[in-house]
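The values are calculated or read from the model by the stated rules, or taken from the named source; none is laboratory data. All of these numbers come straight from a predicted model, not from anything done at the bench. Cβ sites come from the backbone with ideal geometry, for glycine too, and all protein chains shown count toward neighbours. Remember, those area values only see protein heavy atoms, side chains included, never the ligands or the DNA or RNA. Shrake-Rupley method; radii C 1.70, N 1.55, O 1.52, S 1.80 Å.
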Amino acid sequence: MIQDTIQWWLAVEAIGLIALPTALILFRTLPGRGIAFAKPFGLLLTGYLFWIALTLHVLPNRPGSIVLILLAILAVDYLILRRHWGELREAVESRSTLFVASELVFLVAFFAAAHVKSFIPEINGTEKPMDFLFLNAASSSKFYPPEDPWMSGFDVSYYYFGYVIQAMTGKLAGVSTAIAFNLALAGTAALAAVAAFGLGYELVKGFARASFGAAVAAGIGAILLVAIMGNLEGVLEFGAANGALPDSMADAADVANLAEAPESNAEFPVIGINYPSDQTSFWWWWRATRISPDAGTITEFPFFSFILGDLHPHVMSIPFVLLVAGLGLAFWRRARPLSLATWGESPAFLGLSAVIVGSMGFINTWDLPTFGFLFALLALARNLRELPPLRALQDTATFLMPLAALSVVLYAPFYLGFGSQASGIDAVATGATSPSQAILFWGPLFAVSLPLPVYLLVRDAGARTPTRLLTAANVVVVLVLAWAVLLLAKGGNLNEAISERGINWLVGLFFAASLVATLLALWRAIERRDEDERGVVAVLAMMTTAYLLIFGAELFFVSDVFNSRLNTVFKLYYQAWLLLGVSGAAGGWWLVTRLLDETAPSWRAFRFATSVMAVLLIGGALLYPLGATLSRTEGLAKSPRSLDGLAYTGASTDTAAAKWLHKNADPGERIVEAVGGQYSPAGRISAWTGIPTILGWPGHEKQWGRADDDLAARTQAVKTIYESASLEEVMPILQQYGVTYVVIGSIERAMYAPAGLQKFETGPLTVVFSSGQTIVYRVPPILDPDALAGVATP
């Protein structure tokens, strides 16, 4: 277990060090030269070259191909070092302490996360089988795009770049995919920590007053807010666990099933309070991500993602979207305005930037609009510092258009084969955020972010002139009018939608006021000539983007198979959490240093009130990760420990069959196994091996844009294969779908009648694996129909 962890760590370290010279040049305008971004940047660059080489059939999917790509990057390093040796040596020497700090952050975070994962490694439950499916597909496919293991004959129709990067790292580290799954989660948590640390550091070190220690402290604060902190629902869970949650408070929280949460007898070793446990309240930690009366809204946040253990795109993307924010910050800090000429001066920067920015659509497509908007906002803010508004807009457009075009071109092979379940934008008519939902989820992050724009607006009358207030308020007005028009266009009843929200309109109003406040503060900060005050522009740009996402989710949602705002709240809130976490840590430091200089009693009272509120709310939000970790790991004492995600299956004959197939099946071969509903054990062999089956989880395939008719036909085909008494009827179906192995295991025996399964015992199919209840038959390539006549169940 420890050897696999070290091998993974060494693989990431090697990739990060190889990418470091390029990162030092690309992020040269940042105070820390982007040292903390080297690992996510290196993984992204190597992953892109690996993916495009396999997509173009230039290289096969082997460890040697990864080594060749790394050697190519080393060759570029040699050219960079020859040209910039003096500059880069000085950059590293003068930032050696930052380098060591970044390495320590990654080391501690990675091994701590791997340690926790060793208590809960099972690739079982929720959507882990789906994630494992994509990881195995990315690992086993000879070339890309990989064939969809749950729908043979079709390429994967999902944003799968994150799985490519993790599978690539696993191959380089020399670990099995069952272990790579858990190390990928630990690595993602560690990369998220180091990227948040780096972004927080770069933001604060850009302030004139900031020392190295202050910037490091802000970086650690960003880690805390982004990757560790939970929300305030955990406070209620601790109250229930200790019998201190009044029924009235539980009812007011309006969280599904919270009122039934029992007391716990799981006690902290040192302090005499109980923490909620799974033994007394099963999966209590799930409720914090379903803060609504019917658990119909997903309010997920990073620490929950890490402790749950689903290797989803929105999780794997965390370090890379922070990398995009760091790239935007680097361009915002450039000495000259940004325009088309910028790329002429640094054409290599265009290619590298397109690889980074364009990756968002391929890792987690939801991130592309959000972080693309943030990147564009930072570019515009840079130009507005020196140029009149119209010229700034023109130059920004000429700067962004080549980047956008190349970002699409570089990832065109993905987009050409991608099918999305999204079908447009709809208006939120019901289910808007309630006051309790807003406080429980957003309380801590609002407490560390909102005081900054409030301080800037109150202190500077020029930031809140009637003209500015009206202009900023018009942004909200336009969005609300667009909501009303869209609602009516979709056939909704405007009066009912307005009355349906009731008191929830206060939440929308608060979110709108927060957006207006940050817009006004950002506007004024761009105009400031004081370098230190102008430094908060990037912080405010992140806050503005976050509040726009939060307010936007009150009005609009992306239409999909869920036909609700569930998925939109999920994805947009997640992005806003990341932005408020980093900007809150950096902006909080700036605000505290300024408030210490204020002597007026009112500002002292403001400093005291905001500081106390932030400390209390963050302290309360830290109860969640503490309790969830202890609960999931049974007090860090659960046994046996492992990083093998399939160890829980023990000596299962189905697992043995999967191992046999993984070892013996040739590329391009396919299987048939049971079809089942979402989250069922059906499709487990294809998920464990990456070998395509006729159909796995139809519900998920529908989410990935598959046609209902095709799904129904395949479901019926599999049923016929297993239940028909005649091989004469079954063989054409097997040949139609290119099936080479028929699996009959515990799931098939439970789902299909024994009479239909017995036909394979008397037919021409060959038994290639047999253990207990599990049999794998080899299908002959072509059979004479006469040989099948009369072959049926006795």
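Using the Karplus relation 6.51 cos²θ - 1.76 cosθ + 1.60 with θ = phi - 60°, the per-residue 3J(HN,Hα) values for the range 504-518 come to 5, 4, 5, 5, x, 5, 5, 4, 5, 5, 5, 5, 4, 4, 5 Hz, with x marking Gly and Pro. Structural descriptor for the range 626-703: relative contact order 23 percent, calculated from alpha carbon pairs under 8 angstrom and at least 6 residues apart.
Taking θ as phi - 60° and the Karplus parameters 6.51, -1.76 and 1.60, the scalar couplings of the range 654-663 work out to 5, 5, 4, 5, 4, 5, 5, 5, 4, 7 Hz in sequence order, x denoting glycine and proline.
Under Stokes-Einstein, with the Kirkwood radius over Cα pairs as Rh, the value for the range 195-275 at 10 °C and 1.306 mPa s is 103 µm²/s.
Would you compute, from DSSP H runs of 4+ residues alone, the mean residue ellipticity of the chain at 222 nm, taking -39500 (n - 2.57) per run and dividing by the full residue count, rounded to the nearest 500? Display every interim value, and only then the final one.
On the way: 37 runs with 510 residues, N = 794.
Helix contribution divided over all residues of the chain: -20500 deg cm²/dmol.
The distance from the alpha carbon centre of the range 465-537 to that of the range 658-687 is 50 Å, rounded to a whole number.
In the range 470-575 the Cα-Cα distances spread across 5 Å bins starting at 0 as 2, 12, 17, 21, 19, 13, 7, 5, 3, 1, 0 percent of all pairs.
Annotation: aspartates and glutamates with alpha-carbon distance below 16 angstrom to LYS205 (same-chain offsets under eight excluded): ASP530, GLU531, ASP532, GLU533. For the range 331-418, the fraction of C-alpha pairs more than 17 angstrom apart is 47%. Viscosity 0.890 mPa s, temperature 25 °C: give me the Stokes-Einstein translational D for the range 397-504 in µm²/s, with Rh taken as the Kirkwood radius over C-alpha pairs. Answer from the Stokes-Einstein relation: 131 µm²/s. Restricting to bridges with both residues inside the chain, how much of the DSSP beta-bridge set is antiparallel, in percent to the nearest 5? Once the DSSP bridges in the chain are tallied, antiparallel ones form about 85 percent. Structural descriptor for the range 353-497: relative contact order 24 percent, calculated from alpha carbon pairs under 8 angstrom and at least 6 residues apart. Scattering from the range 125-226 was approximated by placing one identical point on each alpha carbon and applying the Debye formula without solvent; log10 I(q)/I(0) at 0.16, 0.17, 0.22 1/Å stands at -0.74, -0.78, -1.02. Per-residue packing, averaged as other Cβ atoms within 10 Å, sorts the ranges 108-118, 42-52 into the order 42-52, 108-118, beginning with the highest. Peptides 480-493, 657-670, 513-526 ranked from most to least packed, by the mean per-residue count of other Cβ atoms within 10 Å: 513-526, 657-670, 480-493.
Hand me the chymotrypsin sites (Phe, Trp or Tyr not before Pro) from the range 174-245 located in a DSSP loop with no more than 12 other Cβ atoms within 10 Å, in residue order please.
none
Diffusion coefficient (Stokes-Einstein, Kirkwood radius over C-alpha pairs, 4 °C, 1.567 mPa s) for the range 652-794: 85 µm²/s, rounded to a whole number. Using θ = phi - 60° in the Karplus curve 6.51 cos²θ - 1.76 cosθ + 1.60, the 3J(HN,Hα) couplings for the range 634-644 round to 6, x, 6, 10, 5, 9, x, 9, 6, 10, 7 Hz; x is entered for Gly and Pro.
Just list whichever of LYS171/LYS663; LYS142/LYS663; LYS39/LYS171; LYS659/LYS759 have alpha carbons separated by over 19 Å in the model shown. In this structure, LYS659/LYS759 exceed 19 Å between Cα atoms. Of interest is the spacing of the C-alpha centroids, which for the range 4-82 and the range 718-745 amounts to 46 Å. Of the Cα atoms belonging to the range 268-353, the radius of gyration and Dmax stand at 22.0, 65 Å. For the range 80-189, the fraction of alpha-carbon pairs lying more than 16 Å apart is 68 percent, rounded to a whole number. Over the range 469-508, all Cα pairs binned in 5 Å intervals from 0 give whole-percent P(r) values of 6, 21, 23, 25, 16, 8, 1, listed from short to long. For PHE556, nonlocal amide neighbours, meaning residues 5 or more places apart or on other chains whose placed amide H falls under 5 Å from its own, are VAL428. Per the Cα gyration tensor, the range 637-701 maps to an equivalent ellipsoid with semi-axes of 23, 17, 9 Å, ordered largest to smallest. Each Cα pair under 8 Å and six or more residues apart adds its sequence gap; the mean of these over the residue count of the chain is a relative contact order of 17 percent. Considering the dipole of the chain built from charges on the beta carbon (Lys and Arg +1, Asp and Glu -1) around the Cα centre, which of LEU384, MET542, LEU509 is farthest to its positive end? Looking along the dipole axis, the top candidate is LEU384. Ordering PRO121, TYR160, LEU56 by Cα displacement along the dipole of the range 49-193 toward the positive end leaves LEU56 in first place; charges were set at the Cβ atoms of Lys, Arg (+1) and Asp, Glu (-1). Divide the volume of the convex hull around the Cα atoms of the chain by the residue count and you get 174 Å³ per residue.
Rounded to the nearest 10 square angstrom, ASP254 shows an accessible area of 60 square angstrom against a 1.4 Å probe. For the pair the range 255-286 and the range 167-194, the centres of their Cα atoms are 31 angstrom apart.
Bridging of LYS571 to lysines at a Cα separation below 21 Å is possible for LYS128, LYS702, once same-chain residues fewer than 8 apart are set aside.
Solvent-accessible area per residue in the range 366-521 equals 45 Å², computed with a 1.4 angstrom probe and all protein chains kept. Summary of packing: across the peptides 695-702, 554-561, 732-739, the per-residue average of other C-beta atoms within 10 Å ranks them, highest first, as 695-702, 554-561, 732-739. Between the amide H of THR693 and those of TRP150, MET151, SER152, ILE671, distances stay under 5 Å, these residues lying 5 or more places away or on another chain, with hydrogens modeled in the peptide plane.
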